[in-house]
Structure formats: structure tokens, C-alpha cells
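One structure below.
The values are calculated or read from the model by the stated rules, or taken from the named source; none is laboratory data. Owing to the predicted nature of the structure, the values given are computational and were not obtained by experimental measurement. We place every Cβ from the backbone using ideal geometry, glycine too, and count neighbours over all the protein chains shown.
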Amino acid sequence: MSFHPASAPDFLPREQMNALQLDRLQKVAQRAYTKVELFRDRMRGFDGVHSLPEIADLPFTTKSDLRDTYPFGLFASPIEQVVRLHASSGTTGKPIVVAYTKEDLDVWTNVMVRAFAACGLTRGDIIQNAYGYGLFTGGLGAHYGAEALGATVIPISGGNTERQIMVLKDFNVTAICCTPSYFLHLLERAGEMGVNIADLPLRAGIFGAEPWTDSMRARIQVSGGIRAYDIYGLTEIIGPGVAIECEAQDGLHIFEDHFYPEIIDPDTGQPLPEGAEGELVLTTLSKQAMPLLRYRTRDITALIPGPCRCGRTLRRMRRIGRRSDDMLIVRGVNVFPSQIETALLAVEGTLPHYQIVLTRDKGLDQMEVLVEVTSEVFSDKVGALEGLHDRLAAALEHTLGIRAHVRLVGPQTIQRSEGKAKRVFDRRNLA
Ligand code: ADP
Ligand code: ZN
């Protein structure tokens with residue numbers, strides 16, 4: 001098996017990786033301390049980092065630090081050296097602004113090349129980049145990575161689904177980048193247009209920016225006739241390219257020569273042992289314009305111990321099933337949208353489109369789950385629908401431990417998204 005030259009750091013022996021990390025950690029902590037007021041204030045008496053475990057003595061950074069210093073307060077480089085700005089999509093409030101020097105953009109491109117290479121893409125691949133171009137990091141991040149890989153990039157951006165399908169088909173596209181929910185939408189529209197995506201040369205999807213489950217992956221791989229890879233990233237740290245699955249599809253390799261991962265207990269902030277599930281905390285080891293120390297991502301995962309079949313020595317994390325802040329509390333019970341997705345997709349006859357609506361009736365929480373069903377089931381006699389309804393309700397109650405109202409709806413009734421899907425509608429405070 002041959003590897004892309006940029007992938008060399010993916011295979012560094014552990015001691016070399018740790019030495020590189022410590023060297024970079026010392027520099028980035030020093031840079032943050034010297035150049036950024038917020039870090040200087042929090043790191044009084046800072047006298048260097050002497051070992052990797054000492055990272056735990058550095059202060060955390062949070063999303064509200066980025067909001068409080070909006071727009072430029074965390075920059076460590078003068079504006080003359082900042083060559084790009086991006087902003088987060090603001091899923092959870094006011095957007096935050098991030099900056100890149102020329103070196104930062106080179107790092108970003110480098111990790112994206114390694115990300116594409118890890119899932120088997122190479123020169124000669126034709127990559128349709130359907131992530132949104134603009135302030136959002138997805139479009140440009142994937143674009144420059146794919147170009148530097150030597151692949152052919154189609155910078156189509158998000159939206160205009162029919163044109164996406166035409167291009168997919170006419171340009172012999174071999175890989176697509178978009179959110180998993182948008183790819184589902186493409187599959188469906190293609191079907192209506194008489195195009196079977198599984199018959200096209202398309203062989204890989206690089207899907208990220210939102211949580212999705214292994215059951216969703218199974219559906220996508222079968223109906224699309226492709227391999228679907230999970231890519232993870234966040235604006236604050238760099239954008240897409242923090243971690244990606246390799247061809248083993250068994251956890252996401254973290255590009256830990258640039259992003260140092262820790263797992264902490266989200267309630268106490270204490271570091272957790274390897275293998276334990278908790279909140280992912282990331283330190284940018286090489287960022288110039290906006291170094292972040294111990295950034296609390298609020299994404300919940302675990303580091304996977306042991307080597308990967310692909311031979312990469314980069315540590316792996318489990319796919320992100322949830323954020324520490326997407327937990328719903330329904331009648332006192334903790335519910336995560338990913339649990340609902342897994343329960344629904346395990347039942348035959350459902351489509352991977354659903355919505356969760358929470359309301360309050362006489363002080364009591366009500367949860368309704370709208371699920372699309374296949375047209376065969378939907379047009380069948382009432383009996384089939386009723387049976388499916390009961391199976392879904394039972395599956396949900398079994399998984400969640402509470403009862404949910406299930407409403408079966410016909411294909412195409414739930415709104416489709418071009419970017420991140422919105423699946424939870426919490427109307428409890430509106431009543
Ligand atoms: P925001 O959505 O907060 O405005 P971003 O667009 O940078 O900002 O999104 C980053 C967040 O998106 C991550 O912290 C994570 O919650 C989610 N995310 C990104 N990629 C994935 C993925 N592959 N799986 C699950 N969640 C993801
Ligand atoms: Zn691997």
C-alpha cells in the first residue's frame with residue numbers, strides 16, 4: 001500500500017510524536033501567554049510546560065471566551081499577518097470569528113490532504129465539494145485540501161440539488177463532501193429524477209459537520225453504493241480536518257501533531273483516563289493567528305486505545321454521538337437525539353428522516369417523533385402502518401425509557417437541509 005507523502009506524520013512512532021507535541025505545546029503556550037491578554041491574565045506566573053501531562057495545569061478556553069472577545073480579541077498575530085478570517089455558523093448563538101496566517105492555512109491544507117488520503121482518495125479522483133463556501137469553514141477547507149492532494153475539485157458549494165445531481169452524473173464524480181443529511185437528500189432527489197447514485201462512479205463520501213450514527217452510515221452506504229467516512233472539525237480549532245476515519249472505519253484519527261486531545265469530565269473538568277467517555281478538549285499545537293489552549297469543544301467522545309489496522313499511529317476517537325449541550329431532559333430523563341436515530345433506523349420500513357418535537361401539556365413534557373416511512377408502507381393498507389407505528393413506539397420506549405408519541409408521515413414531508421440538519425424543536429418554553 002502506498003501513502004501520500006504528506007501522510008508521513010500519521011505514522012510517527014509514539015515517542016517521536018510525543019516529543020514533537022511537547023516542543024510545539026511549549027511554544028504555543030508561550031505564544032498565547034505573551035501575545036493574548038486573556039491568556040496572560042489566566043496564566044499568571046506561567047513558567048513553561050515541562051511535560052505533556054502538565055498541560056492539565058493550563059487554563060481551559062470556552063466558546064464564551066470567543067464571544068466575549070468578539071471579534072478580534074484572541075488574535076496573537078497583528079492584522080498584517082492575518083490572511084483569512086472565518087466565522088462559525090453560529091448553531092448555538094452569536095458567531096465567533098477566527099483568524100489564519102499564511103502558515104495556519106498551510107497547516108489546514110496539510111491536514112485536509114492527509115484526511116482525504118486516509119480515506120483512499122488520491123490524484124485522479126474527482127471531488128464534488130458541496131460544503132458551503134463562504135464564512136463557514138467547510139467549503140474552503142475541503143477545497144484547498146482536495147486541490148493540494150492533486151484531485152480535481154468541483155467547487156459547487158451547497159444547494160441547488162438538481163444541479164448537484166447533474167454534475168455528479170455528468171462529471172464522473174468519484175467522491176463528494178457534504179453533510180450526511182444533505183447526502184440523504186441528494187439520494188432521494190436523484191431517485192425522483194431517475195438517477196440511481198449507486199450506479200454512478202461515485203465511491204466515497206466525506207461527511208461531517210453534524211452528528212450521525214453508524215446506522216445512518218449503513219443506510220447511506222447501501223443506497224449510495226459508496227463508502228461513507230466521518231470527518232470532524234470545528235471552526236475554533238481550524239475547521240474541518242481535525243480528525244477523520246481511515247479505510248478501517250473504526251474511529252477517527254486525530255491529527256495530533258497539530259491538535260492535542262484530552263478527554264475530561266464535563267462536570268468537574270478533571271482529565272479522564274484513556275478509553276473513558278467525556279468531553280473532548282483540544283489544544284492547537286501550531287496555530288499562529290489564534291492559538292487556543294485546552295478548548296472545551298462540548299463534544300462527547302472517547303479515545304480508542306490500541307493500534308489501528310491501517311498502521312497509522314495517530315490516536316483515534318469514537319465518532320461524536322452528542323454534544324454535552326444537546327442533551328434533552330424530558331420528564332427528568334436524559335435523551336440524546338442520536339439514541340432516537342439509532343432506535344428508528346433499526347426498524348424496517350422507516351426512512352432516515354425524522355424530527356423531534358417537545359411541548360409541554362399541563363406541566364408535563366410531551367415528546368413527539370415524526371418519522372418518514374417508505375412509500376410502500378405508506379400506501380399500504382392501514383394495517384402495515386399501524387404495525388410499524390407500534391414497533392417504532394416500542395423501540396423508542398425501550399431505548400429511552402420513556403414513552404414518545406410517534407407520528408408516521410409520508411416520504412418528503414419533513415423539510416430537508418442543505419447544511420446541518422435541524423432535528424430538534426423544543427417548544428416547551430413557548431407555551
Ligand atoms: P457551530 O456549529 O458551533 O457554529 P461549526 O460549524 O464549527 O460551529 O461546527 C462545529 C461543531 O459541529 C462541532 O463542535 C461538532 O459539535 C459538530 N460536528 C462537526 N463535525 C462533526 C462530526 N463528524 N460528527 C459529529 N459532530 C460534528
Ligand atoms: Zn486507521
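Restricting the first member to the range 33-48 and to residues that are farther than 11 Å from Asp65 by Cβ, and the second to residues that are among the basic types (Lys, Arg) and modelled with pLDDT of 95 or more, the beta-carbon pairs closer than 7 Å and six or more apart or on different chains are Tyr33/Arg40. Answer yes if at least one residue in the range 271-284 is assigned by TED's automatic domain parsing to the domain that holds Gly158, among the small types (Gly, Ala, Ser), more than 16 Å from ligand 2 (Cβ to nearest atom) and touching a Leu at 6+ places or on another chain (Cβ under 8 Å), and no otherwise. Yes, that holds for at least one residue. Comparison of Gly224, Gly233 shows that the only residue that is over 30 Å from Ala87 (Cβ atoms), buried (at least 23 other Cβ atoms within 10 Å of the Cβ) and away from ligand 2 (no atom under 12 Å from the Cβ) is Gly224.
In summary, Gln30 fulfils each of the numbered conditions (1) over 27 Å from the mean Cα position of the chain (by Cα); (2) surrounded by 13 or more Cβ atoms within 10 Å (Cβ to Cβ); (3) within 16 Å of ligand 2 (Cβ to nearest atom) with the single exception of condition (3). Taken across the range 238-254, residues that are without any contact (Cβ under 8 Å) to a residue 60 or more places away in the chain, over 12 Å from the mean Cα position of the chain (by Cα) and farther than 18 Å from Ser181 by Cα do occur, with at least one present.
Only one of the numbered conditions (1) surrounded by fewer than 16 Cβ atoms within 10 Å (Cβ to Cβ); (2) at pLDDT 95 or above; (3) under 24 Å from the mean Cα position of the chain (by Cα) is not met by Gly93, and that is (2). Within the range 64-90, residues that are assigned by TED's automatic domain parsing to the domain that holds Gly239 and small (Gly, Ala, Ser) have Cβ atoms under 6 Å from residues that are at pLDDT below 95 and within 16 Å of ligand 2 (Cβ to nearest atom) in no pair, counting only partners at least 6 apart in sequence or on another chain. Among the conditions (1) hydrophobic (A, V, I, L, M, F, W, C); (2) modelled with pLDDT under 95; (3) closer than 25 Å to Leu105 by Cβ, the only one that Phe207 does not satisfy is (2). For Tyr260, the stated conditions do not hold, so it cannot be described as touching a residue at least 24 places away in the same chain (Cβ under 8 Å), within 19 Å of the chain's Cα centre (by Cα), surrounded by 19 or more Cβ atoms within 10 Å (Cβ to Cβ) and under 22 Å from Gly120 (Cα atoms). Considering Glu376, Glu348, the condition of being modelled with pLDDT of 85 or more, more than 16 Å from ligand 2 (Cβ to nearest atom) and part of a loop (DSSP other than H, G, I, E, B) is satisfied by Glu348 alone.
Contact map, the range 197-221: first residue more than 25 Å from Gly321 (Cα to Cα), second residue of a type in the set (S, T, N, Q) and assigned to a helix (DSSP H, G or I), Cβ cut-off under 8 Å, separation 6 or more or different chains; pairs are Ile197/Ser223; Ala198/Ser223.
Specify which of the listed residues (Leu140, Leu149, Leu121) is within 16 Å of ligand 2 (Cβ to nearest atom), under 30 Å from Glu188 (Cβ atoms) and buried (at least 22 other Cβ atoms within 10 Å of the Cβ). Selected residue: Leu121, the only one of Leu140, Leu149, Leu121 that is within 16 Å of ligand 2 (Cβ to nearest atom), under 30 Å from Glu188 (Cβ atoms) and buried (at least 22 other Cβ atoms within 10 Å of the Cβ).
Would you check which residues across the range 241-271 are within 14 Å of ligand 1 (Cβ to nearest atom) and of a type in the set (S, T, N, Q) and list them? Selection gives Gln249 alone.
Is it the case that the range 247-265 has a residue that's in the same structural domain as Gly132 (by TED's automatic domain parsing) and part of a helix (DSSP H, G or I)? The answer is no, given that none of the residues of the range 247-265 is in the same structural domain as Gly132 (by TED's automatic domain parsing) and part of a helix (DSSP H, G or I). So which residues in the range 297-345 are within 10 Å of ligand 1 (Cβ to nearest atom) and assigned to a strand (DSSP E or B), if there are any at all? Scanning the range 297-345 gives Thr297, Arg298, Asp299, Ile300, Thr301, Arg322, Arg323.
Taking Arg309, is it closer than 30 Å to Asp10 by Cβ, within 16 Å of ligand 2 (Cβ to nearest atom) and surrounded by fewer than 17 Cβ atoms within 10 Å (Cβ to Cβ)? Considered against the rule, which asks whether it is closer than 30 Å to Asp10 by Cβ, within 16 Å of ligand 2 (Cβ to nearest atom) and surrounded by fewer than 17 Cβ atoms within 10 Å (Cβ to Cβ), Arg309 comes out as yes. Looking only at residues in the range 198-216 that are assigned to a helix (DSSP H, G or I) and surrounded by fewer than 21 Cβ atoms within 10 Å (Cβ to Cβ), the one that is nearest to the chain's Cα centre (by Cα) is Asp214. Scanning for something assigned to a loop (DSSP other than H, G, I, E, B), within 16 Å of ligand 1 (Cβ to nearest atom) and loosely packed, with under 14 Cβ neighbours inside 10 Å, does the range 397-420 turn up at least one residue? The answer is no, given that none of the residues of the range 397-420 is assigned to a loop (DSSP other than H, G, I, E, B), within 16 Å of ligand 1 (Cβ to nearest atom) and loosely packed, with under 14 Cβ neighbours inside 10 Å.
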